[in-house]
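Shown next, in structure tokens, is the structure this report addresses.
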Amino acid sequence: MRYDLLLQSMVPGTPFDSARVDALLEARGAKAQPGGGRTWLLENGAVEVHPLREGGQWVATEVRIPLEHQGELIREVVSKGAELAREAEVRLFDPQLGRELNVHDEGVVADQYERTARYAGEMLGVGSAMPIDTSTSEGFQPTTKFVLGVGVFFTLLYFLVSWMNTQLGG
């Protein structure tokens, strides 16, 4: 599982300058992979960068962030990806949030990244997703509290009625 961001043209539907983006990635140390795409080595980890093609045409560059890292890597990718996008005159887009990103969106994207990693780890059973601390218990769920409260209320009511019955000689 991974979290994806896109480098795409400023105006959807217009041609994407893939050569410019690719040259800027190479200048930032992204190494070509044998199977295609690039590996972009950052301070907090590595991400994969691949062309996104539709109908044989390169329409965007996909930045693939693995879900096995804490929030530092995603924050760095947003920061450096936004700088690269500005320099390449393209936009950095987050499909999960459905919006264009800038350098100041690190926190918002990191929150969504964490939710995605938590979902992958808990619901899909992806063991490589970001580790989630399950040792802390938040107590009973509200529904459980309500059911227990109703049970205690009726139990007390039963004992009260029984006691009143014996006091009245019934």
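Cβ-Cβ contacts under 8 Å between residues 6 or more apart (or on different chains), taken from a first residue in the range 1-23 that is free of Cβ contacts under 8 Å to residues at least 12 places away in the same chain to a second residue that is of a type in the set (Gly, Ala, Ser) and not in a helix (DSSP H, G or I), are listed as 15/9.
Cβ-Cβ contacts under 8 Å between residues 6 or more apart (or on different chains), taken from a first residue in the range 56-80 that is more than 19 Å from residue 119 (Cα to Cα) to a second residue that is part of a strand (DSSP E or B) and open to solvent by 60 Å² or more (accessible area, probe 1.4 Å), are listed as 59/53; 63/48.
Restricting attention to the range 61-92, the residues that are in contact with a Pro (Cβ under 9 Å, 6 or more places away or on another chain) and assigned to a helix (DSSP H, G or I) add up to 1.
Being assigned to a strand (DSSP E or B), at negative phi, among the small types (Gly, Ala, Ser) and modelled with pLDDT of 90 or more is the requirement here; does residue 46 meet it? The answer is yes for residue 46. Among the residues of the range 6-37, those identified as open to solvent by 80 Å² or more (accessible area, probe 1.4 Å), on the phi < 0 side of the Ramachandran plot and not hydrophobic (A, V, I, L, M, F, W, C) are 12, 15, 20, 26, 31, 34, 35.
The values are calculated or read from the model by the stated rules, or taken from the named source; none is laboratory data. All values reported here derive from a predicted model rather than from experimental measurement. Because the Cβ atoms are built from the backbone with ideal geometry, glycine has one as well, and the counts that use them run over all protein chains shown. Ligands, DNA and RNA are stripped out before the accessible areas are found, and what is left, the full protein with its side chains, is counted by its heavy atoms. Shrake-Rupley method; radii C 1.70, N 1.55, O 1.52, S 1.80 Å.
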